[in-house]
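These notes concern the structure reproduced below.
The values are calculated or read from the model by the stated rules, or taken from the named source; none is laboratory data. Please read all numbers here as calculations on a predicted model, not as lab measurements. Heads up, the Cβs are rebuilt from the backbone with ideal geometry, glycines too, and the neighbour counts pull from every protein chain shown. The accessibility values were calculated without ligands, DNA or RNA, using every heavy atom of the protein model including side chains. Shrake-Rupley method; radii C 1.70, N 1.55, O 1.52, S 1.80 Å.
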Amino acid sequence: MDERIRTAVGDGPAWVVGGALRDELLGREIVDIDVACADPELAARLYSRLSGGAVFPLSERHGAWRVAFQGGKTVDFTPLHGATIEEDLATRDFTVNALARSLEGGALIDPHKGEADLAEKRLRAVGPAVFEDDPLRLLRAVRLEDELGLRLDDPTEELVRSAAGRVGEPAGERILAELERLSPDGFRRADELGLLEPLGGSLSGLDRVDPADTPGFLLVVVFGEGLKAFPVSNDLSRLARTLLAAERPADHSPRAIHRFRRRTEPWALSALAFLGATDLYDAVRAARAADHPEPLLRGEDVLELGVEAGPEVGRLLELVAEERAVGTISTRDDALALVRAELGA
(Lines give C-alpha, C1' and ligand atoms only; values in the text may rest on other atoms or scores of the structure.)
Protein backbone atom coordinates (compact mmCIF):
# COMPACT_ATOMS: atom_id res chain seq x y z
CA MET A 1 0.00 0.00 0.00
CA ASP A 2 1.19 3.51 -0.80
CA GLU A 3 2.68 4.87 2.43
CA ARG A 4 1.58 8.35 1.39
CA ILE A 5 -2.02 7.26 1.87
CA ARG A 6 -1.20 6.21 5.43
CA THR A 7 0.45 9.59 6.01
CA ALA A 8 -2.50 11.46 4.50
CA VAL A 9 -5.15 9.89 6.75
CA GLY A 10 -3.14 10.58 9.90
CA ASP A 11 -3.39 8.67 13.13
CA GLY A 12 -7.07 7.78 12.98
CA PRO A 13 -8.42 4.42 11.84
CA ALA A 14 -8.75 3.98 8.07
CA TRP A 15 -9.45 1.08 5.75
CA VAL A 16 -9.05 0.18 2.12
CA VAL A 17 -12.50 -0.92 1.03
CA GLY A 18 -14.36 -2.34 -1.93
CA GLY A 19 -13.17 -2.86 -5.47
CA ALA A 20 -9.41 -2.70 -4.88
CA LEU A 21 -9.59 -5.68 -2.52
CA ARG A 22 -11.96 -7.51 -4.86
CA ASP A 23 -9.59 -7.01 -7.78
CA GLU A 24 -6.65 -8.09 -5.66
CA LEU A 25 -8.42 -11.35 -4.87
CA LEU A 26 -9.18 -11.82 -8.58
CA GLY A 27 -5.59 -11.10 -9.60
CA ARG A 28 -6.66 -8.07 -11.61
CA GLU A 29 -4.76 -4.81 -11.98
CA ILE A 30 -5.78 -2.35 -9.27
CA VAL A 31 -6.73 0.95 -10.89
CA ASP A 32 -9.01 2.53 -8.27
CA ILE A 33 -8.43 2.54 -4.51
CA ASP A 34 -11.15 3.49 -2.03
CA VAL A 35 -10.18 4.55 1.50
CA ALA A 36 -12.72 4.99 4.29
CA CYS A 37 -11.49 7.46 6.88
CA ALA A 38 -12.56 10.13 9.37
CA ASP A 39 -11.84 13.26 7.31
CA PRO A 40 -11.91 12.53 3.55
CA GLU A 41 -11.36 16.12 2.39
CA LEU A 42 -8.31 16.69 4.58
CA ALA A 43 -6.84 13.31 3.66
CA ALA A 44 -7.44 13.85 -0.07
CA ARG A 45 -5.88 17.30 -0.09
CA LEU A 46 -2.81 16.09 1.80
CA TYR A 47 -2.45 13.02 -0.41
CA SER A 48 -2.72 15.25 -3.48
CA ARG A 49 0.20 17.36 -2.26
CA LEU A 50 2.24 14.27 -1.45
CA SER A 51 1.53 12.44 -4.72
CA GLY A 52 1.03 15.22 -7.27
CA GLY A 53 -2.45 14.03 -8.25
CA ALA A 54 -5.40 16.30 -8.97
CA VAL A 55 -7.87 16.58 -6.09
CA PHE A 56 -11.58 17.37 -6.34
CA PRO A 57 -14.85 16.54 -4.55
CA LEU A 58 -16.40 13.38 -5.93
CA SER A 59 -19.72 13.71 -4.13
CA GLU A 60 -20.67 16.67 -1.99
CA ARG A 61 -23.74 14.78 -0.83
CA HIS A 62 -21.72 11.82 0.44
CA GLY A 63 -18.57 13.71 1.39
CA ALA A 64 -16.29 11.76 -0.94
CA TRP A 65 -13.10 13.20 -2.48
CA ARG A 66 -10.95 11.90 -5.34
CA VAL A 67 -7.29 12.22 -6.26
CA ALA A 68 -6.79 11.42 -9.94
CA PHE A 69 -3.62 10.67 -11.90
CA GLN A 70 -2.62 10.61 -15.53
CA GLY A 71 -3.29 7.17 -16.91
CA GLY A 72 -6.66 6.87 -15.18
CA LYS A 73 -5.69 5.67 -11.71
CA THR A 74 -7.62 7.20 -8.80
CA VAL A 75 -7.67 7.17 -5.01
CA ASP A 76 -11.00 8.00 -3.37
CA PHE A 77 -11.38 9.07 0.25
CA THR A 78 -14.85 8.51 1.73
CA PRO A 79 -16.39 8.96 5.16
CA LEU A 80 -17.13 5.93 7.27
CA HIS A 81 -20.86 5.14 7.12
CA GLY A 82 -21.67 3.99 10.61
CA ALA A 83 -19.84 3.64 13.88
CA THR A 84 -17.75 0.66 12.77
CA ILE A 85 -16.27 -0.66 9.55
CA GLU A 86 -18.74 -3.55 9.70
CA GLU A 87 -21.64 -1.07 9.73
CA ASP A 88 -20.05 0.71 6.78
CA LEU A 89 -19.75 -2.52 4.78
CA ALA A 90 -23.42 -3.28 5.45
CA THR A 91 -24.29 -0.21 3.34
CA ARG A 92 -22.38 -1.49 0.29
CA ASP A 93 -24.00 -2.87 -2.85
CA PHE A 94 -22.68 -6.40 -3.36
CA THR A 95 -20.86 -8.80 -1.09
CA VAL A 96 -17.82 -8.85 -3.39
CA ASN A 97 -17.48 -5.11 -2.74
CA ALA A 98 -18.23 -5.32 0.99
CA LEU A 99 -14.60 -6.02 1.86
CA ALA A 100 -12.15 -4.03 3.95
CA ARG A 101 -8.61 -4.17 5.29
CA SER A 102 -7.05 -1.78 7.77
CA LEU A 103 -4.31 0.46 6.43
CA GLU A 104 -2.26 -0.97 9.28
CA GLY A 105 -2.57 -4.40 7.69
CA GLY A 106 -4.14 -7.49 9.12
CA ALA A 107 -6.81 -9.92 8.00
CA LEU A 108 -9.44 -9.23 5.38
CA ILE A 109 -12.70 -7.98 6.94
CA ASP A 110 -15.43 -9.88 5.12
CA PRO A 111 -18.65 -10.04 7.15
CA HIS A 112 -20.86 -10.90 4.15
CA LYS A 113 -18.73 -13.73 2.72
CA GLY A 114 -17.73 -11.81 -0.41
CA GLU A 115 -14.51 -13.78 -0.86
CA ALA A 116 -16.48 -17.02 -1.01
CA ASP A 117 -18.87 -15.46 -3.54
CA LEU A 118 -15.92 -14.46 -5.70
CA ALA A 119 -14.63 -18.02 -5.61
CA GLU A 120 -18.04 -19.21 -6.81
CA LYS A 121 -18.27 -16.39 -9.40
CA ARG A 122 -21.45 -15.27 -7.68
CA LEU A 123 -22.76 -11.68 -7.51
CA ARG A 124 -24.97 -11.30 -4.45
CA ALA A 125 -26.61 -8.23 -2.96
CA VAL A 126 -25.61 -7.26 0.56
CA GLY A 127 -29.26 -6.75 1.47
CA PRO A 128 -32.76 -6.49 -0.03
CA ALA A 129 -32.73 -2.67 -0.14
CA VAL A 130 -29.56 -2.15 -2.21
CA PHE A 131 -31.40 -1.09 -5.37
CA GLU A 132 -33.88 1.07 -3.49
CA ASP A 133 -30.97 2.89 -1.86
CA ASP A 134 -29.33 3.60 -5.23
CA PRO A 135 -30.95 2.46 -8.51
CA LEU A 136 -27.64 2.93 -10.35
CA ARG A 137 -26.66 -0.38 -8.79
CA LEU A 138 -29.02 -2.06 -11.28
CA LEU A 139 -26.67 -1.21 -14.14
CA ARG A 140 -23.63 -1.80 -11.96
CA ALA A 141 -24.83 -5.36 -11.41
CA VAL A 142 -24.81 -5.96 -15.16
CA ARG A 143 -21.46 -4.26 -15.58
CA LEU A 144 -19.83 -6.34 -12.83
CA GLU A 145 -21.20 -9.53 -14.36
CA ASP A 146 -19.86 -8.39 -17.73
CA GLU A 147 -16.41 -7.27 -16.59
CA LEU A 148 -15.66 -9.84 -13.92
CA GLY A 149 -17.36 -12.95 -15.29
CA LEU A 150 -19.72 -13.17 -12.31
CA ARG A 151 -23.39 -14.16 -12.30
CA LEU A 152 -26.23 -12.82 -10.18
CA ASP A 153 -27.61 -15.32 -7.71
CA ASP A 154 -31.34 -15.98 -8.01
CA PRO A 155 -32.54 -13.74 -5.16
CA THR A 156 -30.43 -10.80 -6.38
CA GLU A 157 -31.58 -11.27 -9.97
CA GLU A 158 -35.17 -11.18 -8.76
CA LEU A 159 -34.44 -7.92 -6.94
CA VAL A 160 -33.01 -6.48 -10.17
CA ARG A 161 -36.04 -7.47 -12.21
CA SER A 162 -38.41 -6.07 -9.60
CA ALA A 163 -36.62 -2.71 -9.51
CA ALA A 164 -35.89 -2.45 -13.26
CA GLY A 165 -38.40 0.37 -13.75
CA ARG A 166 -36.20 2.65 -11.59
CA VAL A 167 -33.10 2.26 -13.76
CA GLY A 168 -33.54 5.73 -15.28
CA GLU A 169 -33.73 7.58 -11.95
CA PRO A 170 -30.01 8.33 -11.35
CA ALA A 171 -28.32 11.32 -12.98
CA GLY A 172 -27.60 10.88 -16.67
CA GLU A 173 -23.86 11.19 -16.14
CA ARG A 174 -23.87 8.24 -13.75
CA ILE A 175 -26.00 6.09 -16.06
CA LEU A 176 -23.78 6.87 -19.03
CA ALA A 177 -20.63 5.97 -17.09
CA GLU A 178 -22.00 2.46 -16.52
CA LEU A 179 -23.33 2.01 -20.06
CA GLU A 180 -20.03 3.05 -21.62
CA ARG A 181 -18.33 0.04 -20.06
CA LEU A 182 -20.72 -2.63 -21.31
CA SER A 183 -19.80 -5.12 -24.02
CA PRO A 184 -22.36 -6.45 -26.54
CA ASP A 185 -23.07 -9.33 -24.14
CA GLY A 186 -23.48 -6.79 -21.34
CA PHE A 187 -26.17 -4.97 -23.30
CA ARG A 188 -27.89 -8.27 -24.05
CA ARG A 189 -27.90 -9.09 -20.34
CA ALA A 190 -29.27 -5.65 -19.49
CA ASP A 191 -32.09 -6.23 -21.96
CA GLU A 192 -32.78 -9.68 -20.54
CA LEU A 193 -33.16 -8.15 -17.08
CA GLY A 194 -35.53 -5.45 -18.33
CA LEU A 195 -33.07 -2.57 -17.94
CA LEU A 196 -32.69 -1.40 -21.55
CA GLU A 197 -36.23 -0.51 -22.55
CA PRO A 198 -36.80 2.00 -19.72
CA LEU A 199 -33.63 3.80 -20.88
CA GLY A 200 -34.77 3.89 -24.51
CA GLY A 201 -32.35 1.23 -25.69
CA SER A 202 -32.90 -1.62 -28.12
CA LEU A 203 -30.97 -4.65 -29.32
CA SER A 204 -32.48 -4.44 -32.81
CA GLY A 205 -29.26 -3.24 -34.42
CA LEU A 206 -26.78 -5.16 -32.30
CA ASP A 207 -26.72 -8.34 -34.36
CA ARG A 208 -26.54 -6.64 -37.76
CA VAL A 209 -23.48 -4.52 -37.01
CA ASP A 210 -19.86 -5.59 -36.91
CA PRO A 211 -18.32 -4.76 -33.51
CA ALA A 212 -15.96 -1.76 -33.56
CA ASP A 213 -13.60 -0.57 -30.85
CA THR A 214 -14.45 3.11 -31.32
CA PRO A 215 -15.42 4.56 -27.91
CA GLY A 216 -19.16 5.10 -27.83
CA PHE A 217 -19.88 2.91 -30.86
CA LEU A 218 -22.12 0.47 -28.97
CA LEU A 219 -24.03 3.33 -27.37
CA VAL A 220 -24.98 4.60 -30.83
CA VAL A 221 -25.96 1.10 -31.94
CA VAL A 222 -28.14 0.46 -28.88
CA PHE A 223 -29.66 3.92 -28.37
CA GLY A 224 -29.55 5.56 -31.80
CA GLU A 225 -31.22 8.96 -31.78
CA GLY A 226 -32.19 8.29 -28.17
CA LEU A 227 -28.59 8.93 -27.18
CA LYS A 228 -29.50 12.63 -27.21
CA ALA A 229 -31.28 12.05 -23.90
CA PHE A 230 -27.92 11.50 -22.19
CA PRO A 231 -25.28 14.16 -21.41
CA VAL A 232 -22.84 12.86 -24.01
CA SER A 233 -19.58 14.56 -24.95
CA ASN A 234 -19.21 16.61 -28.10
CA ASP A 235 -17.05 13.87 -29.62
CA LEU A 236 -19.67 11.21 -28.96
CA SER A 237 -22.39 13.48 -30.31
CA ARG A 238 -20.42 13.94 -33.55
CA LEU A 239 -19.81 10.20 -33.80
CA ALA A 240 -23.52 9.52 -33.36
CA ARG A 241 -24.51 12.03 -36.05
CA THR A 242 -21.94 10.56 -38.44
CA LEU A 243 -22.96 6.93 -37.94
CA LEU A 244 -26.69 7.60 -38.03
CA ALA A 245 -26.39 9.59 -41.28
CA ALA A 246 -24.02 7.14 -42.98
CA GLU A 247 -25.09 5.40 -46.18
CA ARG A 248 -23.37 2.45 -47.77
CA PRO A 249 -21.14 3.39 -50.74
CA ALA A 250 -22.73 2.56 -54.06
CA ASP A 251 -19.80 0.33 -55.02
CA HIS A 252 -16.10 -0.33 -54.40
CA SER A 253 -14.93 2.34 -56.84
CA PRO A 254 -12.36 4.91 -55.69
CA ARG A 255 -14.89 7.70 -56.26
CA ALA A 256 -17.59 6.08 -54.15
CA ILE A 257 -15.11 5.27 -51.38
CA HIS A 258 -13.72 8.82 -51.42
CA ARG A 259 -17.19 10.35 -51.10
CA PHE A 260 -18.05 7.95 -48.29
CA ARG A 261 -14.86 8.87 -46.45
CA ARG A 262 -15.51 12.57 -46.94
CA ARG A 263 -18.79 12.18 -45.05
CA THR A 264 -17.59 9.79 -42.35
CA GLU A 265 -13.91 10.26 -41.49
CA PRO A 266 -12.30 9.83 -39.04
CA TRP A 267 -14.86 7.09 -38.39
CA ALA A 268 -15.16 5.57 -41.88
CA LEU A 269 -14.40 2.03 -40.69
CA SER A 270 -16.75 2.41 -37.74
CA ALA A 271 -19.44 3.65 -40.13
CA LEU A 272 -18.96 0.56 -42.28
CA ALA A 273 -19.22 -1.57 -39.14
CA PHE A 274 -22.42 0.27 -38.20
CA LEU A 275 -23.83 -0.44 -41.66
CA GLY A 276 -22.66 -4.05 -41.62
CA ALA A 277 -20.66 -3.32 -44.79
CA THR A 278 -17.66 -5.42 -43.84
CA ASP A 279 -16.87 -6.17 -47.48
CA LEU A 280 -15.70 -2.56 -47.91
CA TYR A 281 -13.12 -2.52 -45.09
CA ASP A 282 -10.21 -3.24 -47.43
CA ALA A 283 -11.28 -0.53 -49.87
CA VAL A 284 -11.31 2.10 -47.12
CA ARG A 285 -8.01 0.90 -45.68
CA ALA A 286 -6.43 1.07 -49.13
CA ALA A 287 -7.77 4.58 -49.67
CA ARG A 288 -6.37 5.69 -46.32
CA ALA A 289 -2.99 4.21 -47.16
CA ALA A 290 -2.97 6.14 -50.45
CA ASP A 291 -3.73 9.49 -48.80
CA HIS A 292 -1.22 12.22 -49.63
CA PRO A 293 0.33 14.29 -46.84
CA GLU A 294 -0.13 17.57 -48.76
CA PRO A 295 -2.94 18.80 -51.04
CA LEU A 296 -2.26 19.74 -54.65
CA LEU A 297 -3.89 23.14 -54.12
CA ARG A 298 -4.74 25.35 -51.18
CA GLY A 299 -7.34 28.05 -50.81
CA GLU A 300 -5.01 30.86 -51.81
CA ASP A 301 -4.23 29.06 -55.08
CA VAL A 302 -7.90 29.05 -55.99
CA LEU A 303 -8.34 32.68 -54.98
CA GLU A 304 -5.50 33.65 -57.33
CA LEU A 305 -7.57 32.25 -60.19
CA GLY A 306 -10.20 34.91 -59.54
CA VAL A 307 -12.59 32.93 -57.36
CA GLU A 308 -14.23 34.97 -54.61
CA ALA A 309 -13.75 33.81 -51.04
CA GLY A 310 -16.64 31.62 -49.96
CA PRO A 311 -18.13 28.13 -50.37
CA GLU A 312 -17.03 27.95 -54.01
CA VAL A 313 -13.38 27.73 -52.90
CA GLY A 314 -14.17 24.70 -50.73
CA ARG A 315 -16.13 23.06 -53.55
CA LEU A 316 -13.25 23.43 -55.99
CA LEU A 317 -10.70 22.12 -53.49
CA GLU A 318 -12.89 19.11 -52.85
CA LEU A 319 -13.21 18.55 -56.60
CA VAL A 320 -9.42 18.49 -56.84
CA ALA A 321 -9.14 16.10 -53.89
CA GLU A 322 -11.71 13.71 -55.36
CA GLU A 323 -10.16 13.61 -58.81
CA ARG A 324 -6.76 13.02 -57.26
CA ALA A 325 -8.18 10.13 -55.22
CA VAL A 326 -9.78 8.69 -58.34
CA GLY A 327 -6.53 9.04 -60.26
CA THR A 328 -7.55 11.42 -63.04
CA ILE A 329 -5.02 14.06 -61.87
CA SER A 330 -1.72 13.79 -60.01
CA THR A 331 0.17 17.11 -60.23
CA ARG A 332 -0.34 20.73 -59.30
CA ASP A 333 -0.57 21.66 -62.99
CA ASP A 334 -3.27 19.03 -63.46
CA ALA A 335 -5.18 20.53 -60.55
CA LEU A 336 -4.92 24.08 -61.85
CA ALA A 337 -6.09 22.95 -65.28
CA LEU A 338 -9.05 21.16 -63.70
CA VAL A 339 -10.10 24.25 -61.74
CA ARG A 340 -9.74 26.48 -64.82
CA ALA A 341 -11.86 24.08 -66.83
CA GLU A 342 -14.50 23.99 -64.09
CA LEU A 343 -14.57 27.79 -63.95
CA GLY A 344 -14.83 27.99 -67.72
CA ALA A 345 -17.70 25.57 -67.74
Alpha carbon convex hull of region 282-332, projected area averaged over orientations, nm²: 3.9 nm²
Charge-dipole axis of the chain as Lys and Arg at +1 and Asp and Glu at -1 on Cβ define it, positive-most pick from Leu58, Gly344, Pro311: Gly344
At a 10 angstrom cut-off on C-beta neighbours, averaged per residue, how do the peptides 238-245, 30-37 rank from highest to lowest? 30-37, 238-245
So what are the radius of gyration and Dmax for the Cα set of region 245-345, in Å? 14.9, 45
Expressed in square angstrom to the nearest 10, the accessible area of Leu219 with a 1.4 Å probe stands at 10 Å²
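If you place +1 on the Cβ of every Lys and Arg and -1 on the Cβ of every Asp and Glu, how big does the dipole about the Cα centre of region 212-305 come out, in debye to the nearest 20?
For region 212-305, the charge dipole is close to 280 debye.
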Can you list the residues of region 25-42 with backbone N under 18 Å from a point 7 Å past the Cα of Ala119, pointing along Cα to Cβ? 25-28
Rounded to a whole number, the Stokes-Einstein D of region 43-95 in µm²/s (Kirkwood radius over Cα pairs; 25 °C; 0.890 mPa s) is 201 µm²/s
For region 34-183, using Cα atoms only, the Rg and Dmax in Å read 16.2, 46
Using unit Cβ charges (K, R positive; D, E negative) and no other charged atoms, how large, in debye to the nearest 20, is the dipole of the chain about its Cα centre? 420 debye
What ranking of Asp282, Asp23 comes out by heavy-atom accessible area, probe 1.4 Å, highest first? Asp282, Asp23
What is the angle, in °, between the Cα long axis of helix 136-148 and the longest principal axis of the Cα atoms in the chain? Nearest 10 is fine, range 0 to 90. 80 degrees
Calculate, in nm to one decimal, what Glu104 and Ser253 gain on full extension: separation in residues at 0.36 nm each, minus their alpha carbon distance. 46.9 nm
With the calculation restricted to Cα positions, what are the radius of gyration and Dmax of region 101-243 in angstrom? 16.8, 54
Would you mind giving the three semi-axes, in whole Å and largest first, of the ellipsoid equivalent to region 103-158 according to its Cα gyration tensor? 21, 14, 11
For region 304-343, would you read off the P(r) tail past 10 Å as a percentage of all alpha carbon pairs? 69 percent
What number comes out for accessible area per residue over region 142-294 if the probe is 1.4 Å? Units Å², please. 51 Å²
Net charge near Pro266 (other residues with Cβ under 15 Å of its Cβ; Lys, Arg +1; Asp, Glu -1) is +3
Among the GluC sites (Glu not before Pro) in region 284-345, which ones are in a DSSP loop with at most 11 other Cβ atoms within 10 Å of the Cβ? Mind listing them? Glu304, Glu308
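Enumerate by residue number the GluC sites (Glu not before Pro) in region 29-116 meeting two conditions: DSSP loop (anything except H, G, I, E, B), and at most 15 other Cβ atoms within 10 Å of the site's Cβ. Walk me through the intermediate numbers first.
Working: sites: Glu29, Glu41, Glu60, Glu86, Glu87, Glu104, Glu115; in loops: Glu29, Glu60, Glu104.
In loop regions of region 29-116 (DSSP not H, G, I, E or B), the sparsely surrounded GluC sites (Glu not before Pro) are Glu29, Glu60, Glu104.
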Diffusion coefficient in µm²/s returned for region 162-249 by Stokes-Einstein, Kirkwood Rh over C-alpha pairs, 25 °C and 0.890 mPa s, is 183 µm²/s
Farthest toward the dipole's positive end in the chain, which of Gly224, Leu182, Gly10, given Cβ charges of +1 (Lys, Arg) and -1 (Asp, Glu) about the Cα centre? Gly224
Could you look at the chain and say what percent of its accessible area is carbon and sulfur, using a 1.4 Å probe and all protein chains? 49 percent
So how much slack lies between Leu25 and Glu158, counting 0.36 nm per residue of separation and subtracting their Cα-Cα distance, in nm? 45.2 nm
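Distances over 28 Å make up what percent of all Cα-Cα pairs in the chain?
58 percent
Which value in Å is the Kirkwood Rh of region 1-108 over different Cα pairs? Let's see the in-between values first.
Numbers: mean 1/r = 0.0724 Å⁻¹.
Kirkwood radius, region 1-108: 13.8 Å.
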By what distance, in whole Å, do the Cα atoms of region 186-303 stretch along each of the three principal axes, largest value first? 59, 31, 21
Over 14 Å apart: what share of the alpha carbon pairs of region 1-52 falls there, rounded to a whole percent? 52 percent
Report the relative contact order of the chain, percent, no decimals, based on alpha-carbon pairs under 8 angstrom and at least 6 residues apart. 9 percent
For Lys113, what accessible area in Å² do you get when you roll a 1.4 Å probe over the heavy atoms of the protein chains, rounding to the nearest 10? 130 Å²
